[in-house]
Amino acid sequence: MTAVALPLIGIGCMEIVEIIHPEDAKVNSDIDISVKIKFTAETDHRSEIAFAILAPKAWNIRENASLTLTTEGYVNQGFAEVVDEQMTPIPEGAIEPGTGLPWPDAYQSQIGLMGNTGPMEWVIFQSKTSFDVNDQRENGKEPIVGTVKIRLKTGPQAIKCFMGYGWCSLNKGFDVGGDDGKGSNRRYKENEKSKVLTVTGGDLPMLDYTVESLVSTVPSVFGYGDIFSVKFSAVSGSTETALNGQEKVYLWGKAVYDGGKEVIVDEISDKTLMEKISETAYQKYIYPRHFFGLPADAEIEATYFHFTNEDRSIVVTDPASGEDFLVSETVE
């Protein structure tokens, strides 16, 4: 389960009390995440809560997650506690007021991917209750503790990633108020937190978004019906491959399609020669059906690649598994 850090949004001082991830998350399974937060009123404010989650794009949590909110201490503001209130996705296209961007784009622009190296997305949910807080009320400065319970379904592939969380006022968002954005009157203060989640099981090799990968794609979000580049880094972090320093690097590829059929591209030619884009990086743009010589109606299920030098004396595969690199589409 997972928890969050919260912004100063005109409500007051906000903090994370507890973040809980499941200890044994499995692929294709429902998992429960718990986020416990505490905030204390320092002024008066009324708004719904906007609660943001950064998760693997392939999980489609906008459709496959359910969130509930429960409070303890809201009674000190003179209102009944919120109990297991369902939170709902913010309507698509709704604009975040501080940036003028749609909410997911606002989080992407302001917070980014929080260290993830694979395709992730921000999804924002909102409370039904419009919280009314005022530090001038009797007991108005007593803290309010909230617990957001999240249930979501994992995907078919094992993964390690930084799950991200953030919280702000729905009607203020990233708006910092009338000062320069650094003063004591800020309505929003950076609060987003991330925590590693590891999901195991399945037959596919684990994706690790917490480290720089030797293989990536441009764009990071693509389908097998798109043109995209396979990018190979001969050096990534502390990992240096035997192809480092090679002027020419070639792409070997395999596609699995139409219920398990396979086709392999294994040649040293212009078709497989990768473009050298830096001292240690290479890329090759492909349209998979054309690259693998498949008919237009072929359904590609998976693609695998490794990399060689011109005389094939050096072959680089996934150092974690010893197998070819699996490159999976990230949209259907």
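The values are calculated or read from the model by the stated rules, or taken from the named source; none is laboratory data. Please read these numbers as outputs of a predicted model, since none were measured by experiment. Counting neighbours? That spans all protein chains shown, and the Cβs are built from the backbone with ideal geometry, glycine included.
A few comments on the model shown:
- Residue match in the range 124-147 (condition: part of a helix (DSSP H, G or I) and surrounded by 22 or more Cβ atoms within 10 Å (Cβ to Cβ)): no
- Qualifying positions in the range 148-168 - part of a loop (DSSP other than H, G, I, E, B) and of a type in the set (Gly, Ala, Ser): Gly155, Ala158
- Selection within the range 223-269 - of a type in the set (Val, Ile, Thr) and touching a residue at least 24 places away in the same chain (Cβ under 8 Å): Ile227, Val230, Val235, Thr239, Thr241, Val249, Val256, Val263, Val265, Ile268
- Of the residues examined, Lys149 is one that is basic (Lys, Arg), assigned by TED's automatic domain parsing to the domain that holds Val27 and under 30 Å from Leu204 (Cα atoms).
- Listed by position, the strands (runs of 3 or more DSSP E) enclosed by the range 183-264 that each have at least 3 residues that are assigned by TED's automatic domain parsing to the domain that holds Ile19 are 193-200.
Okay, residues lined up against (1) more than 25 Å from Ile159 (Cα to Cα); (2) crowded, with 19+ Cβ neighbours inside 10 Å; (3) without any contact (Cβ under 8 Å) to a residue 12 or more places away in the chain:
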{"position": "Ile61", "(1), (2), (3)": "no, yes, no"}
{"position": "Thr70", "(1), (2), (3)": "yes, no, no"}
{"position": "Met87", "(1), (2), (3)": "yes, yes, no"}
{"position": "Glu96", "(1), (2), (3)": "yes, yes, no"}
{"position": "Pro104", "(1), (2), (3)": "no, yes, no"}
{"position": "Tyr107", "(1), (2), (3)": "no, yes, no"}
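- Exactly one residue out of Ala281, Ala298 is within 27 Å of the chain's Cα centre (by Cα) and under 26 Å from Leu204 (Cα atoms), and it is Ala281.
- For the condition part of a loop (DSSP other than H, G, I, E, B) and modelled with pLDDT of 90 or more, Pro22 qualifies.
- Total residues in the range 57-81, condition at pLDDT below 95 and in a strand (DSSP E or B): 2
- When residues of the range 272-312 are limited to those that are assigned to a loop (DSSP other than H, G, I, E, B) and among the polar types (S, T, N, Q), the one farthest from Glu247 (Cα to Cα): Thr272
- Qualifying positions in the range 86-133 - closer than 19 Å to Leu67 by Cβ, touching a helix residue (DSSP H, G or I) at 6+ places or on another chain (Cβ under 8 Å) and charged (D, E, K, R): Glu96, Glu121
- Taking the numbered list (1) among the charged types (D, E, K, R); (2) in contact with a helix residue (DSSP H, G or I) (Cβ under 6 Å, 6 or more places away or on another chain); (3) under 30 Å from Pro205 (Cα atoms) in turn, Asp24 passes all entries but (2).
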